[in-house]
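Notes to accompany the following structure.
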Amino acid sequence: MKKIAIITPGGDAPGMNAAIRAVVRAGLKHNFELYGIYRGYQGLLEKDIKQLNSRSVSGIIYKGGTILKSSRCEKIKTLDGLNQAIEVLKEFKFDYLVVIGGDGSIKAASKISKYVSVICIPASIDNDVYGTDETIGFDTAIDTAVSAIDKIRDTATSFERVFVVEVMGREHGHLALAVAVASGAEVVIIPEVKYDLDKIAKKLLKDKQKGKTSEIIIFAEGAGNVREFALKLEAKINIPVRVSSLGYIQRGGSPSARSRILASLFGEYAVELISKNIKNKVVVIKNNKIECIDIKTVVSKEKPIDKNLLKLVDELG
Ligand code: F6P
């Protein structure tokens with residue numbers, strides 16, 4: 001019999017609930033005792049912990065957010081906070097901590113893993129976890145952003161305006177790239193690639209000459225100040241440029257079927273690893289296969305952007 005704690009720290013992602021459900025239900029099949037740590041690492045420090053059963057995860061597979069709640073916890077990044085977290089995990093005699101979260105949460109989990117066994121399940125709209133083709137919630141966030149951009153395209157066309165649409169993604173452009181391809185955007189700006197304002201202005205003016213009636217530029221939040229960019233662009237092309245920041249709508253909403261399936265596969269696989277006493281791994285999907293990699297490898301590397309998607313925007317936009 002093993003005692004497992006589940007936590008969902010940091011930015012929430014659609015499908016986290018499906019992952020919690022999968023870990024709880026698969027864990028119960030193995031006769032594990034399951035516990036939820038509420039409000040992320042902050043809740044861990046404050047011992048906000050309750051036992052979970054099959055009914056605790058009923059009717060949550062379609063819900064966005066996380067039933068375990070979340071928080072941004074600065075203290076966990078300090079030695080003091082880390083020691084306190086480990087003490088709490090030991091006090092409750094947890095055999096494993098299952099961390100469902102993104103890049104930052106996995107980094108903190110990696111430090112904890114020196115003292116308590118950890119399994120991580122990547123969940124983030126940013127898709128910025130090294131080693132996995134996809135994180136839970138990424139697919140839903142793309143859909144949410146694309147459906148908003150389709151509406152922006154209508155008004156952009158009516159007014160023959162240029163729109164710069166800011167999407168989330170923290171320091172990475174994975175979300176922006178996917179959204180740009182799926183929304184048929186003309187330009188994409190991401191932190192990983194330096195942009196050339198003159199080149200963008202030239203493209204937009206050429207498009208106008210060719211009879212294009214709207215332009216959508218997807219701007220990843222990590223690429224700089226979107227408003228400054230829009231002002232500079234407007235001054236160069238003399239066509240009205242409007243900014244629309246999609247913001248937190250990208251993080252909410254009912255998870256797509258694909259996010260739910262990925263969450264269920266990840267959750268079940270995490271429990272399988274625990275049942276085999278495998279520890280300190282991150283569950284990943286690689287070429288459609290669920291596997292795991294060392295948490296140390298994941299936190300020491302940056303996920304590269306998909307250059308094919310970048311090329312696609314250039315060629316098709
Ligand atoms: O990591 C998920 C994310 O939504 C990022 O895309 C964004 O930069 C960040 O979280 C926002 O964080 P907060 O919820 O602390 O404002």
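The values are calculated or read from the model by the stated rules, or taken from the named source; none is laboratory data. All values derive from a computational prediction rather than experimental measurement. With ideal geometry, Cβ positions are generated from the backbone for all residues, glycine too; neighbour counts draw on all protein chains shown. Just so you know, the surface numbers come from the protein's heavy atoms only, side chains and all, with ligands and any DNA or RNA stripped out. Shrake-Rupley method; radii C 1.70, N 1.55, O 1.52, S 1.80 Å.
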| So, in the stretch 237-277, of the ones that are modelled with pLDDT of 95 or more and at positive phi, which residue ends up most open to solvent (accessible area, probe 1.4 Å)? | Asn277
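Could you tell me which of the residues Lys69, Lys107, Lys90, Lys111 is open to solvent by 40 Å² or more (accessible area, probe 1.4 Å), within 16 Å of the ligand (Cβ to nearest atom) and in a helix (DSSP H, G or I)? I'd like the intermediate steps shown before the answer.
On the way: Lys69 fails: in a helix (DSSP H, G or I); Lys90 fails: within 16 Å of the ligand (Cβ to nearest atom); Lys111 fails: within 16 Å of the ligand (Cβ to nearest atom).
It is Lys107.
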| request: Can you work out which of the residues in the stretch 12-41 that are within 16 Å of the ligand (Cβ to nearest atom) and open to solvent by 20 Å² or more (accessible area, probe 1.4 Å) is farthest from the chain's Cα centre (by Cα)? | output: Arg39
| task | State which residue pairs qualify: first residue among the hydroxyl-bearing types (Ser, Thr, Tyr) and inside the stretch 235-259, second residue open to solvent by 60 Å² or more (accessible area, probe 1.4 Å) in any location, beta carbons under 6 Å apart, and separation of 6 or more residues or different chains. | result | Ser254/Tyr62; Ser256/Asp143
| remark: Counted residues in the stretch 42-64 being touching a residue at least 60 places away in the same chain (Cβ under 8 Å), surrounded by fewer than 19 Cβ atoms within 10 Å (Cβ to Cβ) and small (Gly, Ala, Ser) come to 0
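Quick one: how many residues across the stretch 278-317 are of a type in the set (Gly, Ala, Ser) and modelled with pLDDT of 95 or more? Let's see the steps before the verdict.
Within the stretch 278-317, the subset of a type in the set (Gly, Ala, Ser) is 300, 317.
If we keep only those that are modelled with pLDDT of 95 or more too, we end up with 300.
So the count comes out to 1.
Got a number for residues in the stretch 167-202 being part of a loop (DSSP other than H, G, I, E, B) and either within 16 Å of the ligand (Cβ to nearest atom) or open to solvent by 20 Å² or more (accessible area, probe 1.4 Å) (or both)?
First pass over the stretch 167-202, keeping only residues part of a loop (DSSP other than H, G, I, E, B): 168-173, 184-186, 190-196.
Within this subset, residues satisfying the condition of being either within 16 Å of the ligand (Cβ to nearest atom) or open to solvent by 20 Å² or more (accessible area, probe 1.4 Å) (or both) are 168-173, 184, 190-196.
Number of matching residues: 14.
Would you confirm whether or not the stretch 221-233 contains a residue that is within 20 Å of Pro122 (Cα to Cα) and among the basic types (Lys, Arg)? Quick ask: steps written out before the conclusion?
First, the residues of the stretch 221-233 that are within 20 Å of Pro122 (Cα to Cα): none.
Within the stretch 221-233, none of the residues are within 20 Å of Pro122 (Cα to Cα) and among the basic types (Lys, Arg).
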| message | Given the condition within 16 Å of the ligand (Cβ to nearest atom), farther than 18 Å from Lys311 by Cα and either in contact with a His (Cβ under 9 Å, 6 or more places away or on another chain) or open to solvent by less than 10 Å² (accessible area, probe 1.4 Å) (or both), answer yes or no: does some residue in the stretch 208-224 qualify? | response | yes
